[in-house]
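The values are calculated or read from the model by the stated rules, or taken from the named source; none is laboratory data. What you see is a predicted model; the values in this text were computed from it and never measured. For neighbour counting, all protein chains shown are included, and Cβ atoms are generated from backbone atoms with ideal geometry for every residue, glycine included. To get the accessible areas, we keep the full protein, side chains included, count just its heavy atoms, and leave off ligands, DNA and RNA. Shrake-Rupley method; radii C 1.70, N 1.55, O 1.52, S 1.80 Å.
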Amino acid sequence: QAPKQPLRIGMTFQELNNPYFVTMKQALEEAAASIGATVVTTDARHDVAKQIGDVEDMIQKKVDILLLNPTDSTGVQSAVRSAKKAGLVVVAVDANAQGPVDSFVGSKNTDAGRLACEYLAKSIGEKGDVAILDGIPVVPILERVKGCREALAKYPGIKVVSTQNGKQERATALTVTENILQANKDLKGIFSVNDGGSMGALAAIDASGKDVKLASVDGAPEAIKAMQKPGSKFIATTAQYPRDQIRLAIGIALAKKWGANVPAAVPVDVKLIDAEGAKTFTW
Amino acid sequence: MTSAEGEEMLRLEGVSKRFPGVKALSGIDLSIRKGEVHALLGENGAGKSTLMKILGGIYQADEGRIFIEGSERKFAGYNDAIAAGIGIIFQEFSLIPHLNAVENIFLGRYLTNRFGLMDKAAMKRSTEQIFDELGVQIDLDVPICRLSVAQQQFVEIGKALSLKARLLVLDEPTATLTPNEAGHLFKIMRELRAKGVAMIFISHHLDEIFEVCDRISVLRDGANAGHADVGATDVDALVEMMVGRRIEHNFPPKPQPAPRGRKVLEVPEIQLAKGGPVNSFTLHEGEILGFAGLVGSGRTELALGMMGADRVHRKTVLRNGKPVRLNDPTEALANGIGLLPESRKVEGLITDFTVRFNISMNNLGKHKSAGLVSQKSEKQSANELARRVGVKAPSIETRVATLSGGNQQKVVIARWLGHASEVLIFDEPTRGIDVGAKAEIYSLMRELTRQGKAIVMISSELPEIVGMCDRVAVFSGGSIVATLEGDSINSGDIMRHATTGGSQ
Amino acid sequence: MNATASHPTPPVPSGGFFTQLRRSTAFLPLVGLVAISVFMIVATDNFLSWGNLQNIALQSSINAIIAVGMTAAILTGGIDLSVGAVVALSGTLASGMMVQFGLPPMLAVPLGLAVGVVIGLFNGYCVAYLRMPPIIVTLATMGIARGIALIYTGGYPIDGLPESFAFLGGGVLAGIKVPILIMLATYLVAYVLLNMAPFGRYVYAIGGNEEATRLSGVRVSRYKLLVYALSGLTAAIAGIVQAARVTSGQPGVGVGFELDAIAAVVMGGTSIAGGRGAIVGTLVGALLLGVLNNGLNMIGVSPYLQLIIKGGIVLLAIFISREAKR
Amino acid sequence: MNATASHPTPPVPSGGFFTQLRRSTAFLPLVGLVAISVFMIVATDNFLSWGNLQNIALQSSINAIIAVGMTAAILTGGIDLSVGAVVALSGTLASGMMVQFGLPPMLAVPLGLAVGVVIGLFNGYCVAYLRMPPIIVTLATMGIARGIALIYTGGYPIDGLPESFAFLGGGVLAGIKVPILIMLATYLVAYVLLNMAPFGRYVYAIGGNEEATRLSGVRVSRYKLLVYALSGLTAAIAGIVQAARVTSGQPGVGVGFELDAIAAVVMGGTSIAGGRGAIVGTLVGALLLGVLNNGLNMIGVSPYLQLIIKGGIVLLAIFISREAKR
Ligand SMILES: Nc1ncnc2c1ncn2[C@@H]1O[C@H](COP(=O)(O)OP(=O)(O)OP(=O)(O)O)[C@@H](O)[C@H]1O
Ligand SMILES: Nc1ncnc2c1ncn2[C@@H]1O[C@H](COP(=O)(O)OP(=O)(O)OP(=O)(O)O)[C@@H](O)[C@H]1O
Ligand SMILES: O[C@@H]1[C@@H](O)[C@H](O)OC[C@H]1O
Ligand SMILES: [Mg+2]
Ligand SMILES: [Mg+2]
C-alpha cells in the first residue's frame, strides 16, 4: 500500500500585491503546515480568464481543496463547476462565487461600508460634501459602497458630490483624490472602499493641507499606523479579518471533506477601528 | 539605323513640376515613337526620374498634358499608366525582399483558380517563360533578397515585361549591371523594339546610348535642352547639351611612375568563410588600387570583411605596419579607414536628415566644443564640402530624401572628403553619377591621393578602372586572381582574368 | 526601404520536407515548444495526460485566436493594441443581446463578431486611409472600446447566459473542447488566407515594402483595412469564446491581452518589423506560452517567481531564434 | 554647380521665432494643448487657478519623466515596455533600503536609480548587442522587474519612509512642487543631450537608418545601449518620485505606465518609426494627457466615459498632426 498522499490545498487569489491577500496567503501557509498539507497558490492579477486557467491547472495537479478568491463572482463559475466535477471541495473566500461552491467565507461587507460612513458622517458634524473613492466592480466592493450610501442617506445635510474610481491602489487613488480636492473646494469627507486606495487618498489630503476626513475598510497595517499619527485625517477603517477567513475556510473545507453538512455562507463580523482602537488592533 | 518615322506612341506637352523649394521640371516636351529606343539624358537632378514618375502617374504634373497614341490621358496613379500600356523599371528598386520572383512579378495581379486561391503553378510557368525569353536563370523558390543585385534587376525587368507594356521606361537599369549583363539587356531591348515596343532609356553611360538607342532627348535643369538622332551626334555634343559647356571628360593624368609610398594598409591574409579562398593585398600611400571583376565576384564582401563591417572567418590587417583589430566600422574609422558604401540609400544616407547632418554625421568630434556640437563650425564645413563635390540642393538644410539619386551619392562622398581617414574604400563611387560630376569625383580622388591618402576603388566600370587605378586587383569567384600594374591595366587583360579566373 | 540586399547570398537549393521545415520561420519556435514540453514532462507528474494537454490547448485558445489577427497586423508592419478591449466589448455586447433582449446565440454571436469587425474597420480606416500610426490609433480605440463596454454594462458582468451559448466555452465535440476546435478552425482559415490566397501575399508585400507594393498596383489601403478588420474579427471571436468560458459578459476582461498576443506572434518567429513570419509559428508561440503557464502552475512555482521565469524564457527563446530572423 | 546656385530658389530662410516654432514637430501638439486648455477653462470653474495648474503639472510629472527615456528609445526606432515595472522596482528597492536597512535617502535614492539603469543596460544589451527586438525584450524584462519587486517586498507595500524622502514627492521649493522641478530638470538635461550633444544626433541617425549609421563608423550598439540605460534611468527617477509621492514602495504600481508614456511621446509629434521627433513635444504631449485627465475629473465626467473621450481626443490629435509627420 502506497503511503498516504498529504492533503493538497490550492488557493487562487484575485491579486497578490495587496497586503490583505498576502496576509491571507501567510495564514494559509501556516495553517497548512500545522496539519501537514501542501499548498499551491496562484495570482490571477484581476484577469478572470487567467483565474479559470489557474483553477484548471490545479485540477490537473489534483488538489483536494480549492480555496477560491474570485476576481469576478460570475466569471469563475465554470471553473467552480469543473472543480466540483473533479471532486474538489470548493470554498469561496472574501468574495462569493457563482456555481456549486460548497461554502463561502467572507466579511459582512454592507456592514463594513455602513459602519465606516456612519462614523465619517458623525465626525464631519453630520453635514457637508462627501466623496466616494470606488474600486473594482466586484460584489464585496459594491456592497461596501451600498452600505456607505445607505448610512450617508440618513443625514440630509450630507451630499455625495463625487464618485471616482481609485482602483483600490495608492497611485491611482492619489491622483484621483487630488482632482476631487481641486474640484470640490468644500469637501469634508472621503470614503474609500479599501485601505489600498485610502493610503493614496490620505497622501493627497495631507498634501492639500485641507481638513478632509477619511474613512475606509480593511484594517491593513499601514492604515492602522497612519490613523495613529497625531492629527491624522484618517479617522476610521472597518476591519476585516483575513487570517480568520482563511482559518474558517480551511476548517469548513475539511469538515466538508469528512462528510459534514456545511453552511452555505459563513459571514464574518467586521469591526470599526478608530484612532483609539488602532492602538491595539492587528490582523 | 534610325527607326523609320514611326507612329507616335507618347507625347508630353509642357510638363512642369515644382517641389517645395525646387522647380524640378518646366515646360518639358517629349515625343516617343512606336518601336524606338529613346534615350533621356541629363545631369543628376535634371529631372529625368521626375518626368518618368509623372508619366507613370506617381507624381501629378502641375501643368502639361500626356498623349498616348494621340489621345490625351490623365493618370491618377501607376495603375492607370499600366492600363494605358506603360511599364516602368524605377531607378530605386521596387521589389519585396521576402517574396520570391514569381510573387514579385505578379504582385498586384495574381492569377487565381476558381476558389479564389492563387494559381501558383500557372504563375510559375509564365515566369519561367519570361526568364527563358530573357535568357536568365533565376531560382524561383527563394525570396528575392537572396538573389544577387543583377538577378534582382532582371526580376525587375521581367516584371515590367510581364505587364505587356507597349511603352517601357528603364530608369538607369545598367547602373548595377556589368558590361556583360548590360549587353544582355541590350539584346533583349532590341528584340522588344523589333516587336514594336517603345522604350525610354535613361543612363549616364553615354557609350550605351550609341549602342542601343535611336533618338535622344536631353534635359537640363528641368527644361528641354535639345533632341538628336543617334546617327547625327557624338558624345561631346551630348555632354555639351547636358552640361551647357564643354567639359574635360578625360581622366586626370596618372602620376608617373606609379606612387609606391609606404605601405599604409597590408592584408597578408583574409579568409571570409571557413574553406573559402584566402586573399591578400597591399595598399600604398598615394595610390589608387582598383578592385575589378564581375558583379558578384566578391569585391564588396572582401572590403566589408576587411574593415570589420561583416564578420569574417580569419584575417590579419596591418595599418602602417602595425597589426590592428578591425571588428566593426568604428574600429576601422579609428584606424583611419572609411567606407563609401555601394548602395547609398540603404547603407549610406539618413534620408530624413539634412545634407548638413549627413555630411557631418561621423565627424561630429571635429565640431565639438564643451561636449556639444558647434553648429557654426558644422555648417561652415558642410557648406564647403557640399560645394566641393557639387551637391545640387537648395541649401545644406535640405532633406536628403528630396535630392536626385546622383546628388545623394555626392553627399556621401562629401562626408568622406571631410574626414581625416587616410584609407578610403570607394565602392562604385560613380554609380548613377552624371558625366560632369564623374569628372569632378575623379579629380577629387586624385587630389586626395596627392595629399597622401590611399584609395581602394571598387568598380564595375572598366574605363574608370583603367583610367584611374595605379594598380588593379582582379576578382573572380571570390579570389583575387591577378594584380595588374602599368601597361597591363587594360580592358582586355582585366576581362580575361575576371572571366577566366586567371586560369588561361 | 530598398529591396536590394547588397551582399547577396547564393541561392539556396529548395530541398525536401525537412529542409523546408528547417528554413521556415516556425522551425525554431517548434524546437522551443518541444524543449519546454520535454522539461515539463520531466518536472511534473501529470503533464502528458490527455486531460492536461487539452487543458493547455484550451487555455492557449483565446490568446491563440487573438494572435491570428495580430499576426496579420504585424506582418503588414502594423500592430493592434485594441484587441483586449475588443474581447471585452464583443463578449459583453453578445451577452447583453442574449440576456437583456433574449436574442438566441445564433443572432447574438454574429452581432458580437460584427462589433469587433466595426472597431477593426475603424482602426483600419485610420491607419490605411488617414495614415495614422497603428500603435496610437489602436491605443486610442483600446480606451474607446473598453469605455463602451463599461458604460454598456454599467461596470457589472452580464450574467445568466443560455446553456447553448456556454457550449461554445465548455462543450465537447468529438472528444475535444469546443474552444480548441474554434481555435483550430480559425488557424485553418487563416492559413489558407495568408498562404494560398492573394490577400496573404499582399499582407507580406505591404510589410516588406509598402511603397513598392503600392507601385505594383496593389490597393494597399484596402488590404490594410481588411487586415485590421480581420484583427477585430479574431479578437471578437476570442471575446465570444471568453464570454462563453466564463458564462458572463465581463467588461473588465482582456486587459493586457494585446501583449500576450504580441508575445505569441513574435515568439512564433514573425518579425515585428513586418514582412516575414508564418501563422503556424504564431500557433506554436501561443502554445509555448500556454505550456509555460500551465507547467509553472503544475510545478507549483510561486506566482511572483513565475513572472521572472516567464520573462526569462521569452528572452531565451528570442535569443535562440534571433539568427533565423536575419 | 554649387550647393545653392543651380536653383534660383533662395536657401530656406531661417525665419523668426514664430516660423521656427511652426516648423517644429512640437508645434501642433502645442496647439492641441492650448485648445484643450481653453476648453477646460470654459467648462470648469477652477481650471486656471495656480493650485490646479500645479496640480496638473504634478500629476503629469511621473508620466512626463518616464516619457523622456521612452522618447529616446522610440527615436532610435525601438520601444521600452519595461518602464512601468522599473517604476515599481526602483521605488520598492529604494524604500526597502531606507526602511529595512536604515540607509539615508542620499544613498537609497542612487541605489534605486542604479537598479533602473541596470535593467536598462540589460535591455540595451539584448537589443544592441544580441540584436533582439526591443518590444519583446522589454516585455520580458517588464515581467522580470515586476517579479523581483514582488518577491523583494513579498507583495506588501514598504511603508514608513523618512520625511526627507517624502519631500521629493510632496515638498515645495520656490513655490513649486518638487516633482515638477524634477520633471523640468530632466527635460532640460534631455534637451541638451538630444539637441546639442553628438549623442542626440546619433539617436536620430540610428532611427533614420541604422545600417548607414553603423557603416559610417558610429558605434551604433553603444548608443543604443545608452538609450535603454537612459530609459531605465528616467523610469527609475519616476519610480523614486512615485514612491515619495505615496510615501511607500509599492510593488504593484506602474502597470500600464508604458502605454501612457508611449501616448505622450507620439502625441508630442515623435514618429513611432523613429528618426523624427522632439523632446519638447513629449513634454507637451504628457501635459496634454494630464490636462485631459484633470479636466475630465474636474468636470465630473464618469470614469467610463473618460476612457472614450480620452481615446477620441488622442485620435483627433494624431489626425490633425499627421500631415506634419510627412
Ligand atoms: N519628392 C521630391 N521632393 C522634393 N524635390 C524632389 C523630389 N523628387 C525630386 N526632387 C527634385 O527634383 C529634381 C529632379 O530630380 P530627379 O530625381 O528627377 O533627377 P534625375 O534627373 O532623375 O537625376 P539622377 O540622374 O541623379 O537620377 C532634383 O532637384 C530633386 O532634388
Ligand atoms: N549573380 C550572382 N550569382 C550568385 N551569387 C552571387 C551573385 N552576385 C553576388 N553573389 C554572391 O555575393 C558574393 C559577392 O558579392 P559582392 O557584392 O561582394 O560582389 P561584388 O564583386 O562587389 O559585386 P557587386 O558589384 O554586385 O557589388 C558572391 O560571393 C556570391 O556569394
Ligand atoms: O475585500 C477586499 C479588500 O479589502 C481588498 O483590499 O481589495 C479587494 C477586496 O475584495
Ligand atoms: Mg533619376
Ligand atoms: Mg560590390
Has the stretch B:314-336 got at least one residue that is within 16 Å of ligand 5 (Cβ to nearest atom) and under 12 Å from residue D:214 (Cβ atoms)? no
All conditions in (1) modelled with pLDDT under 90; (2) under 22 Å from residue C:204 (Cα atoms); (3) surrounded by fewer than 19 Cβ atoms within 10 Å (Cβ to Cβ) are true of residue B:135 except (2)
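If only one of D:255, D:265 is surrounded by fewer than 24 Cβ atoms within 10 Å (Cβ to Cβ) and away from chain B (no Cβ under 14 Å), which one is it?
Details: D:265 fails: surrounded by fewer than 24 Cβ atoms within 10 Å (Cβ to Cβ).
Only one candidate qualifies: D:255.
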So is residue B:431 among the charged types (D, E, K, R) and touching a residue at least 60 places away in the same chain (Cβ under 8 Å) or not? yes
Closer than 24 Å to residue A:27 by Cα, open to solvent by 10 Å² or more (accessible area, probe 1.4 Å) and not in a strand (DSSP E or B), is that true of residue A:84? no
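Taking into account only those residues within the stretch B:290-310 that are among the charged types (D, E, K, R) and near ligand 5 (Cβ under 9 Å from one of its atoms), which is nearest to residue B:458 (Cα to Cα)?
Our first condition is that a residue be among the charged types (D, E, K, R); within the stretch B:290-310, this holds for B:299, B:301, B:310.
From what's left, near ligand 5 (Cβ under 9 Å from one of its atoms): B:299, B:301.
On the way: B:299: 7, B:301: 11 Å.
Ranking the candidates gives B:299 first.
On the basis of being touching a residue at least 12 places away in the same chain (Cβ under 8 Å) and within 14 Å of chain D (Cβ to nearest Cβ), does residue A:253 make the cut? Please lay out each step first, then the result.
On the way: touching a residue at least 12 places away in the same chain (Cβ under 8 Å): yes; within 14 Å of chain D (Cβ to nearest Cβ): no.
No.
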Could you list, ordered by first residue, the pairs with Cβ atoms under 7 Å in which the first is in the stretch B:395-406 and facing chain D (nearest Cβ under 7 Å) and the second is hydroxyl-bearing (Ser, Thr, Tyr) and in a loop (DSSP other than H, G, I, E, B), at least 6 apart or interchain? B:395/D:4
Positions within the stretch A:49-106 being of a type in the set (D, E, K, R) and more than 16 Å from residue A:21 (Cβ to Cβ), in sequence order: A:56, A:57, A:61, A:62, A:64, A:81, A:84, A:85, A:102
For the stretch B:17-37, does any single residue satisfy the condition of being more than 16 Å from ligand 2 (Cβ to nearest atom) and closer than 29 Å to residue B:144 by Cβ? yes
Restricting to the stretch D:163-184, give me the number of residues that are under 20 Å from residue D:88 (Cβ atoms) and open to solvent by 30 Å² or more (accessible area, probe 1.4 Å). 3
Just to be sure I understand, how many residues within the stretch B:155-170 are open to solvent by less than 10 Å² (accessible area, probe 1.4 Å) and either within 16 Å of ligand 4 (Cβ to nearest atom) or part of a helix (DSSP H, G or I) (or both)? 7
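Looking at D:285, D:275, D:290, D:300, which is the one that is at the interface with another protein chain (Cβ under 7 Å from one of its Cβ atoms) and at pLDDT 90 or above?
Values: D:285 fails: at the interface with another protein chain (Cβ under 7 Å from one of its Cβ atoms); D:290 fails: at the interface with another protein chain (Cβ under 7 Å from one of its Cβ atoms); D:300 fails: at pLDDT 90 or above.
Of D:285, D:275, D:290, D:300, the one residue that is at the interface with another protein chain (Cβ under 7 Å from one of its Cβ atoms) and at pLDDT 90 or above is D:275.
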Exactly one condition in (1) under 18 Å from the mean Cα position of the chain (by Cα); (2) open to solvent by 10 Å² or more (accessible area, probe 1.4 Å) is not met by residue A:184; state its number. (1)
Could you please find all residues in the stretch A:50-75 being within 7 Å of chain C (Cβ to nearest Cβ) and without any contact (Cβ under 8 Å) to a residue 12 or more places away in the chain? A:53, A:60
Can you find a residue that is of a type in the set (S, T, N, Q), within 13 Å of ligand 2 (Cβ to nearest atom), out of contact with any Lys or Arg (no Cβ under 8 Å at 6 or more places or on another chain) and modelled with pLDDT of 95 or more anywhere in the stretch B:268-284? yes
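Quick one: count up the residues across the stretch C:57-111 that are crowded, with 24+ Cβ neighbours inside 10 Å and either over 29 Å from residue C:285 (Cα atoms) or among the aliphatic types (A, V, I, L, M) (or both). Let's see the steps before the verdict.
First pass over the stretch C:57-111, keeping only residues crowded, with 24+ Cβ neighbours inside 10 Å: C:58-76, C:78-95, C:98, C:108.
Next, only the ones that are either over 29 Å from residue C:285 (Cα atoms) or among the aliphatic types (A, V, I, L, M) (or both) stay: C:58, C:62, C:64-68, C:70, C:72-75, C:79, C:81, C:83, C:85-89, C:93-95, C:98, C:108.
Within the stretch C:57-111, residues that are crowded, with 24+ Cβ neighbours inside 10 Å and either over 29 Å from residue C:285 (Cα atoms) or among the aliphatic types (A, V, I, L, M) (or both) number 25.
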Residue C:206 versus (1) away from chain D (no Cβ under 14 Å); (2) within 24 Å of residue A:79 (Cβ to Cβ): which is the lone unmet condition? (2)
Restricting the first residue to the stretch D:184-197 and requiring it to be farther than 12 Å from residue D:69 by Cα, which pairs with a second residue that is open to solvent by less than 60 Å² (accessible area, probe 1.4 Å) meet a Cβ separation below 7 Å and a spacing of at least six or different chains? D:196/B:372; D:196/B:373; D:197/B:371; D:197/B:372; D:197/B:373
Positions within the stretch A:4-18 being assigned to a loop (DSSP other than H, G, I, E, B), more than 9 Å from every other protein chain (Cβ to nearest Cβ) and surrounded by fewer than 23 Cβ atoms within 10 Å (Cβ to Cβ), in sequence order: A:4, A:5, A:6, A:7
Could you tell me whether any residue of the stretch C:140-152 is under 17 Å from the mean Cα position of the chain (by Cα), surrounded by 21 or more Cβ atoms within 10 Å (Cβ to Cβ), within 14 Å of chain D (Cβ to nearest Cβ) and part of a helix (DSSP H, G or I)? yes
Candidates A:142, A:174 - the one that is crowded, with 22+ Cβ neighbours inside 10 Å and part of a helix (DSSP H, G or I): A:174
Could you check the stretch B:310-367 and list, in sequence order, the residues that are touching a Ser or Thr at 6+ places or on another chain (Cβ under 7 Å), open to solvent by 40 Å² or more (accessible area, probe 1.4 Å) and either at the interface with chain D (Cβ under 7 Å from one of its Cβ atoms) or within 30 Å of residue C:209 (Cα to Cα) (or both)? B:345
Scan (1) at the interface with chain C (Cβ under 9 Å from one of its Cβ atoms); (2) open to solvent by 30 Å² or more (accessible area, probe 1.4 Å) for the single condition residue B:142 breaks and write down its number. (2)
Condition check: at pLDDT 95 or above, over 22 Å from residue B:329 (Cβ atoms), surrounded by fewer than 24 Cβ atoms within 10 Å (Cβ to Cβ) and more than 13 Å from ligand 1 (Cβ to nearest atom). Does residue B:450 satisfy that? no
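Of all residues in the stretch B:285-309, which are away from ligand 2 (no atom under 11 Å from the Cβ) and within 14 Å of chain D (Cβ to nearest Cβ)? It would help to see each step written out before you state the result.
First, pick out the residues of the stretch B:285-309 that are away from ligand 2 (no atom under 11 Å from the Cβ): B:285-290, B:306-309.
The answer is B:306, B:307, B:308, B:309.
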Return the total of residues in the stretch B:413-443 being within 11 Å of chain D (Cβ to nearest Cβ) and more than 16 Å from ligand 2 (Cβ to nearest atom). 9
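For the stretch B:1-109, please list each of the helices (runs of 4 or more DSSP H) lying entirely inside it that holds at least 3 residues being within 16 Å of ligand 5 (Cβ to nearest atom) and away from chain C (no Cβ under 14 Å).
Details: elements: B:48-55, B:78-83, B:101-105.
No helices (runs of 4 or more DSSP H) qualify here.
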I'd like to know if the stretch A:97-118 contains one or more residues that are open to solvent by less than 20 Å² (accessible area, probe 1.4 Å), part of a loop (DSSP other than H, G, I, E, B) and either over 20 Å from residue A:260 (Cβ atoms) or not small (Gly, Ala, Ser) (or both). yes
